[in-house]
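See below for the structure under consideration.
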Amino acid sequence: MAFDITIRHPAYLKYSTTWQLMRDASEGEDAIKARGETYLPMKSGTKAIADLAKRMASYDAYRARAEFPELLAPTVRGAVGVMLDDPAVIELSPKLELLRERATPDGLTLDGLHRRIAMEVMTTGRYGLLPGIDENGNPHLAGYCTEAIVNWDGENYVVLCETADVRDPATNKWSSVDRYRECYIEENGTYAAREWTKTDKGEWIYGDVVMAATPKKNAVGVPFVFIDTNDLTATPDDVPLYGLAKLSTRIYRLDADYTFALHMTSEPTPVVIGFDDAKTAQKNGNVPTTLGAGTLWVLPKGADAKYLEFSGPGLEAQKGAINDALMRARAFGAQLLSDVGKSAESGDALKLRLGSQTATIKTIAMNTAAGLERALRNLAVWVGDDPEKCVVTPNLDFFDKTLSAQEITAIVSGWQAGAYSWRTAFDRLKEGGVVPDDRTPEDELALITEDQVTAADQLAATTLPNHAPGAGV
């Protein structure tokens, strides 16, 4: 069998539908609706319509009335905001300092790259980094979303899809170019890579093999770094917010049925009773066809007219199911469903609201920092720097500990009552943002003493007799 560069890893095929749902749910309603019956199956009554055009028109109206809840993207942004509100502390070796302002081929700063990694891991559970040196000799880190990491075999083999739109400078037209990068370890331990492209005949060919590192510099295999939710291995992890995406699609389907039912039952239907032959009456124009105060209805003797109006628990049950699903979505940390009535939350309240999601956020924060650090160290080896000088320390203190006025009063009152020492009260005030981080207890005492002296001098000045110099008593 001929070698096929387009082969996908079995785990890739297993997770591909999950990743697609996460992408679509992140992009929102337009992307979800564009998938048609993938997320919103056609109703059985609609399928029974024989005329294809009428069937599709009915389905399009059914889909158009439905609303997809925009829950996933705000939750991802909120989680990443919590993680990186205080950026990680990144230490670099001398030759990699230039990465702070331009870390990737598309111009991301190092902090921007870290944010992209966190966004991708929160969305799909995986991201990848490949160190590289451009034609000018400048180091960089190339990032790959999980869908672009198509095949792998431990730490010694990885295939990356680099298919992209490319502009032709001669015509200024854009066209898609199919391309794969194959990274592997040769028999002598050297890391090598080759680029595969698709010809006009549909054949895959590869160019010159690029030797990127010596065996000594590449003792741990291909320098590609997998960054997952829980570790840095090649095997994909479960997607953190997959449950929220599934709940969102469930709410979408429930809403479609609910709005369809509202559409079908919201307007009362007029009914006329008393015609022996309804078809003949309609043909002769005897059946009323208009409504309103300016329309005269003349009915046969003994006839009756009334409205049929929906009445029953069906719609309430559907509405209740939607609310139940929304409540479950909130448990996944959906930002849009939090209690917006609160103007502020204390650190303890925020911890309680996020609940078990905290562990996931902390794990991802640690993993994204560790993955970035490993990629930087691989790159440091390539440029001849000490890899140990590259250190990425994430911020793991996610919650706002700023004290409220009531909490400050309580701390001072407790100290005055002798419940704890002044030093304990000072430490709590410092932790709560009342006292600057760089101020010591000795500095604070000196400032207090200075304030007392200044206040005493001002008081003395305001209590002296107000006489002009040399004036008599």
Within region 103-112, is there a residue that is in contact with a His (Cβ under 9 Å, 6 or more places away or on another chain) and more than 20 Å from residue 227 (Cβ to Cβ)?
-> no
Looking only at region 216-223, decide whether some residue is crowded, with 16+ Cβ neighbours inside 10 Å and modelled with pLDDT of 90 or more.
-> yes
Screening 110, 84 for residues that are hydrophobic (A, V, I, L, M, F, W, C) and either touching a strand residue (DSSP E or B) at 6+ places or on another chain (Cβ under 8 Å) or within 17 Å of residue 241 (Cα to Cα) (or both) leaves only 110
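Here is a yes/no grid of residues against (1) in a loop (DSSP other than H, G, I, E, B); (2) in contact with a Ser or Thr (Cβ under 7 Å, 6 or more places away or on another chain); (3) surrounded by 12 or more Cβ atoms within 10 Å (Cβ to Cβ):
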position: 381; (1), (2), (3): no, no, yes
position: 388; (1), (2), (3): no, no, no
position: 397; (1), (2), (3): yes, no, no
position: 403; (1), (2), (3): yes, no, yes
position: 408; (1), (2), (3): no, no, yes
position: 419; (1), (2), (3): yes, no, no
Could you list, in sequence order, the residues of region 186-215 that are at pLDDT 80 or above, open to solvent by less than 90 Å² (accessible area, probe 1.4 Å) and under 22 Å from residue 163 (Cβ atoms)?
-> 192, 193, 194, 195, 196, 197, 199, 202, 204, 205, 207
Tell me, which strands (runs of 3 or more DSSP E) wholly within region 95-182 include 1 or more residues that are over 24 Å from residue 12 (Cα atoms)?
-> 126-133, 139-145, 164-167, 174-177
Residue 21 passes all but one of the listed conditions (1) open to solvent by less than 70 Å² (accessible area, probe 1.4 Å); (2) within 26 Å of residue 226 (Cβ to Cβ); (3) in a loop (DSSP other than H, G, I, E, B); the exception is number (3)
Leading residue by the ranking (farthest from residue 127 (Cα to Cα)) among those in region 160-185 that are open to solvent by less than 60 Å² (accessible area, probe 1.4 Å) and among the acidic types (Asp, Glu) | 178
Does region 24-32 include one or more residues that are in contact (Cβ under 8 Å) with a residue 24 or more places away in the chain and surrounded by fewer than 13 Cβ atoms within 10 Å (Cβ to Cβ)?
-> no
Residue under evaluation residue 46, criteria (1) open to solvent by less than 50 Å² (accessible area, probe 1.4 Å); (2) part of a helix (DSSP H, G or I); (3) within 30 Å of residue 182 (Cα to Cα), criterion not met | (3)
Would you call residue 232 under 22 Å from residue 381 (Cα atoms) and either among the acidic types (Asp, Glu) or in a strand (DSSP E or B) (or both)?
-> no
Flag if residue 433 is part of a loop (DSSP other than H, G, I, E, B), at pLDDT below 80 and surrounded by 12 or more Cβ atoms within 10 Å (Cβ to Cβ) = yes
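The values are calculated or read from the model by the stated rules, or taken from the named source; none is laboratory data. Keep in mind the model is a prediction, meaning the values are calculated, not measured. Here the Cβ is made from the backbone with ideal geometry for all residues, glycine too, and neighbour counts use every protein chain on show. Areas reflect the complete protein model, heavy atoms only, side chains present, ligands, DNA and RNA absent. Shrake-Rupley method; radii C 1.70, N 1.55, O 1.52, S 1.80 Å.
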